[in-house]
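The block underneath contains the structure these notes are about, expressed in structure tokens.
The values are calculated or read from the model by the stated rules, or taken from the named source; none is laboratory data. What you see is a predicted model; the values in this text were computed from it and never measured. Cβ sites come from the backbone with ideal geometry, for glycine too, and all protein chains shown count toward neighbours.
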Amino acid sequence: MLYKTNNKLRFLGALLGACLMACLVSCSGTKKNVDPVPETKHFLWKVSDENSSVWLLGSIHLADSTLYPLAPVIDSAFAQAEELAVEINLNDDEVVKELGEQSASQGMLAEGTLRDLLPEDMWNTVDSLCAAWNVPMEMIEKARPWLAATTLSSYAFMQAGLNPEYGIDYVFLDRAAMDGKAIVGLETAEEQIGALADTTESDSAGVYYLRTTLREISGFHDLITNIMRAWKTGDDDLLHSLLDDVDDEDSLSQDSKYKEEYEQRIYVNRNAKMADSIATFLRENRNVFVVVGVAHLALEKDNVIEALKRRGFKIERF
């Protein structure tokens, strides 16, 4: 059974899905040679210490029905778990409320409009996309650049036929609720929104994020199709080639600064916190099935898997 999604949940799903876009934008880097992974492998790991183990699954936050059914090994791992841990617990009404409040407080301009902050050509692109996709301009004109980027990337997901109902997080949240499993949020609403938000006076990093998002949107359908194919086949090489694609425009010194800032906030800081949580689960001998965005596990720099390896945990991939 999938979520019977209302408009509020669709918005929140799109917001979480935009975190994937943020990772695509911020985590570009130097590629490395990677040994091929057999097609029988999935983005599923078992992390163990001497007494206990935790399952760790890389998620696509928004997807379509072609992602299902999931592999039996994934379903079996979830069935064995007593708890589900996700990035943020959208089964909690208070968390949902806080997400909306944080989006409004950190994402709206107190004075002026988005157009005032953008170069004319960028604003024209935003305006054209809004007209083509019937995006209400009142959602955009008072938004800070990071929120405008998040909103437009969310619409891009929908244009590509993706839906939060089929996001892996959502499916397991639904199953956990049906099975009576405890649900744990790894992040707060403030932390999740804060990772994307740029509330500085100039909004420079947010403008960078919006510009890069607009550049990605032109090839977004193919990008997402290939990410889903990489996920379904456990293809590390393909996923790395998509996530680590380097754009020459990002080599500019100022853009490089903003890219590193986003990478630190969206990727490095959050991965360290996720690894801390998993280490705590193991220390407390808790039987947890953890689901986080696949980029947090598969990118080659400071990912969660490498952080856990450095702590001496046994890592097995399935």
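Listed by first and then second residue, the pairs with beta-carbon distance under 8 Å, at least 6 apart or on different chains, first residue in the range 277-289 and among the polar types (S, T, N, Q), second in a loop (DSSP other than H, G, I, E, B) and crowded, with 17+ Cβ neighbours inside 10 Å, are Ser277/Leu186; Asn287/Ala81.
For the range 284-299, the criterion of being of a type in the set (Lys, Arg), modelled with pLDDT of 95 or more and either assigned to a helix (DSSP H, G or I) or within 30 Å of Glu83 (Cβ to Cβ) (or both) is satisfied by at least one residue. Once the range 128-150 is narrowed to residues that are touching a residue at least 40 places away in the same chain (Cβ under 8 Å) and of a type outside the set (D, E, K, R), the residue that is nearest to Asp75 (Cα to Cα) is Thr150.
Of the residues Leu118, Leu152, which is farther than 22 Å from Leu243 by Cα and either buried (at least 18 other Cβ atoms within 10 Å of the Cβ) or of a type in the set (S, T, N, Q) (or both)? Residue meeting the stated conditions: Leu118. Residues that are among the small types (Gly, Ala, Ser), closer than 26 Å to Leu44 by Cα and not in a loop (DSSP other than H, G, I, E, B) within the range 177-205 comprise Ala177, Ala182, Gly185, Ala189, Ala195, listed in sequence order.
Filtered by the rule that a residue be surrounded by 14 or more Cβ atoms within 10 Å (Cβ to Cβ) and modelled with pLDDT under 95, the range 43-58 gives no residues. Restricting attention to the range 171-227, the residues being charged (D, E, K, R), closer than 18 Å to Ile140 by Cβ and within 16 Å of the chain's Cα centre (by Cα) number 1. Only one of the numbered conditions (1) farther than 30 Å from Val288 by Cα; (2) at pLDDT 90 or above; (3) of a type in the set (A, V, I, L, M, F, W, C) is not met by Ala205, and that is (2). Would a scan of the range 155-176 turn up a residue that is out of contact with any Leu (no Cβ under 9 Å at 6 or more places or on another chain), part of a helix (DSSP H, G or I) and polar (S, T, N, Q)? Looking through the range 155-176, at least one residue is out of contact with any Leu (no Cβ under 9 Å at 6 or more places or on another chain), part of a helix (DSSP H, G or I) and polar (S, T, N, Q).
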